[in-house]
Amino acid sequence: MTGSHKVTAGLQRGSRARRTATIGLSFLVLLVAGVGWGYLKLTGQIDTFSADGISGDRPPSSSNGQNVLVIGSDSRSGANRKLGGGKDTVGRSDTAFLLHVYGDRRHAVAVSIPRDSLVDIPACKTPGGDWTAPQHHVMFNGAFSVGDTAEGNPACTQNTVEQLTGLRVDHTIVVDFSGFAALTSAVGGVPVCLPQDIYERDLSPNLPTRGPLVFAKGPQTVSGQRALDYVRIRHGIGDGSDIGRIKRQQAFIGSLIKKVKSRGMNPTTLLPLANAATDAMTVDPGLGSADRLLSFAMSMKNIDLHNTKFVTVPWRYEGARVAIVEPAADALWAALKADRAIDDQDVGGKGKGGRGGTGSADASPSPAAPAVVSGTGISLAVYNGTTINGLAARAAELLRAHGFTVTVTATASTQDHTSTVIEYGPGLRSEAETTARLFTGARTTASDTPGIRAVLGSSYAQNPSPAASTTPGTAASTADDGVRSADEDLCTDLSYG
């Protein structure tokens, strides 16, 4: 890394329980709010981390939206020490969001990945140039500490997220919490709400007595150190878990975005925010200039509060750790990969049955909802690539019901296809991708032959119904407690357990 504002040492395990997880909120807020990053030119060089550690084995790029990994770091450098930064010499991160910005640039969803999630960490590069052996079934936040450096290892966290989700991470940003504190002060404070009174021991659980009152129950406005204290609270609310803290952090982000937007998008209000963010950020080389940040952020200025969603990856407890629940998590990642709306039924949160994000270890979570597909103006031929009679006719009926024009139904030249393939000629990629949304697991492939051809595989016979239900490019409703909107009531769903 270069520059003087690097993410550095983390907190010792005991103190991190009360002081950390103070997030890359500042960048996430400014990003979704569409702040004019051109102002960063006034504040000096933006720090970048090396791309050498990013894996060469990555998911393919997608034309459907963009994915931004936001990592919150613990740091003991500079002003961070006074605010409760780390005390050891290894960079740590206890909070991460994967922000998916939909292709229409009017909707976004931030997916929280709990720090204690048990995941596989792939091979990662250390400062000495060596690559580590893959780690299996270990805590997610361990990826940032690979290499035991003060700066942390954002490339390793990015590799881990890409392996976990199957999504290509377009950009990665690390934010320290001194910048976050400055941001909350720059906006004049952030409205929050507490489900109960909070005492000093709730922030520092090793104290012998509960100490004085720190936060009174109900709505209030916080900034600076008090804002940090709010987003760090874990003990004394609900079951004292990191999951509950994530829910309050998501509410805080929504409130901060709302506050930024309410102040107006003009130089007078935005310059202090840009200044605060600049001093806190370390970004990937692709965002390492003010011009790139400006172009990237301004492309998302039309995302409104209701269409800014927050969700936690489907989870359940596994002892003292968190297990990511399948197939619900895979369905969530698939929805984002296809730029589809997410399903708010049991996607994280406390679910319907108690402690786990899906109610219990044996629960069967609901999958992500597919999108409504309109085939108006799209013509194609349908071929049965299996030995199952009538499959092409069945698919043609489905396609016509969605407005497609089916020109041919026939048997393919070979009948050994497992997956459905949508072949498309020059200039028809978008139409082919729309077609593929109707067939679970379908892939698209380019061809020199004009037109579109759907070659059906046996997977279609096993799963013929797409059950389309939501509008393409939009995020799900907030009817379920697993999904939160930035415009939601501050005092709702702030605890867990």
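Counting only residues that are within 21 Å of Ala331 (Cα to Cα) and touching a Phe, Trp or Tyr at 6+ places or on another chain (Cβ under 7 Å), how many does region 436-461 have?
Total meeting the criteria: 3.
Would you confirm whether or not region 409-421 contains a residue that is under 16 Å from Ile378 (Cα atoms) and open to solvent by less than 60 Å² (accessible area, probe 1.4 Å)? If you could, list the steps in order and put the result at the bottom.
Here is the first cut: in region 409-421, the residues under 16 Å from Ile378 (Cα atoms) are 409.
Keeping just the survivors that are open to solvent by less than 60 Å² (accessible area, probe 1.4 Å) gives none.
The answer is no, given that none of the residues of region 409-421 is under 16 Å from Ile378 (Cα atoms) and open to solvent by less than 60 Å² (accessible area, probe 1.4 Å).
Given the conditions (1) in contact with a helix residue (DSSP H, G or I) (Cβ under 9 Å, 6 or more places away or on another chain); (2) open to solvent by 60 Å² or more (accessible area, probe 1.4 Å); (3) at pLDDT 75 or above, which single one is not true for Pro219?
All conditions pass for Pro219, except number (1).
Within region 203-215, is even one residue within 23 Å of Lys258 (Cα to Cα) and either among the small types (Gly, Ala, Ser) or under 24 Å from the mean Cα position of the chain (by Cα) (or both)?
Here is the first cut: in region 203-215, the residues within 23 Å of Lys258 (Cα to Cα) are 215.
Subsequent filtering for residues that are either among the small types (Gly, Ala, Ser) or under 24 Å from the mean Cα position of the chain (by Cα) (or both) retains none.
So far as region 203-215 goes, no, none of its residues is within 23 Å of Lys258 (Cα to Cα) and either among the small types (Gly, Ala, Ser) or under 24 Å from the mean Cα position of the chain (by Cα) (or both).
Looking at region 107-137 only, could you name the residues that are within 30 Å of Leu305 (Cβ to Cβ) and either part of a strand (DSSP E or B) or in contact with a Leu (Cβ under 9 Å, 6 or more places away or on another chain) (or both)?
Across region 107-137, the qualifying residues are Ala108, Val109, Ala110, Val111, Ser112, Ile113, Ser117.
Is it the case that Leu399 is out of contact with any Ser or Thr (no Cβ under 6 Å at 6 or more places or on another chain), open to solvent by less than 20 Å² (accessible area, probe 1.4 Å) and part of a strand (DSSP E or B)? Reasoning before the result, please.
Values: out of contact with any Ser or Thr (no Cβ under 6 Å at 6 or more places or on another chain): yes; open to solvent by less than 20 Å² (accessible area, probe 1.4 Å): yes; part of a strand (DSSP E or B): no.
So Leu399 fails the test.
Ile243 - would you say it is within 19 Å of the chain's Cα centre (by Cα) and either open to solvent by less than 10 Å² (accessible area, probe 1.4 Å) or free of Cβ contacts under 8 Å to residues at least 40 places away in the same chain (or both)?
yes
Hey, can you tell me all the residues within region 138-160 that are part of a loop (DSSP other than H, G, I, E, B) and closer than 15 Å to Thr172 by Cβ?
Passing the criteria: Val146, Glu151, Gly152, Asn153.
Over 28 Å from the mean Cα position of the chain (by Cα), modelled with pLDDT under 85, in a loop (DSSP other than H, G, I, E, B) and of a type outside the set (S, T, N, Q), is that true of Pro450? Lay out the reasoning, then the answer.
Numbers: over 28 Å from the mean Cα position of the chain (by Cα): yes; modelled with pLDDT under 85: no; in a loop (DSSP other than H, G, I, E, B): yes; of a type outside the set (S, T, N, Q): yes.
Answer is no for this residue.
Picking from Arg168, Arg201, Arg226, which residue would you name as being within 27 Å of Asp116 (Cα to Cα), part of a loop (DSSP other than H, G, I, E, B) and basic (Lys, Arg)?
Just one listed residue meets the conditions, Arg168.
Is it the case that some residue within region 434-456 is of a type in the set (A, V, I, L, M), touching a helix residue (DSSP H, G or I) at 6+ places or on another chain (Cβ under 9 Å) and without any contact (Cβ under 8 Å) to a residue 40 or more places away in the chain?
yes
The values are calculated or read from the model by the stated rules, or taken from the named source; none is laboratory data. Please read these numbers as outputs of a predicted model, since none were measured by experiment. Reconstructed Cβ throughout: ideal geometry from the backbone, glycine too, with neighbour counts over all protein chains shown. Only protein heavy atoms, including side chains, enter the accessible area calculation; ligands, DNA and RNA are left aside. Shrake-Rupley method; radii C 1.70, N 1.55, O 1.52, S 1.80 Å.
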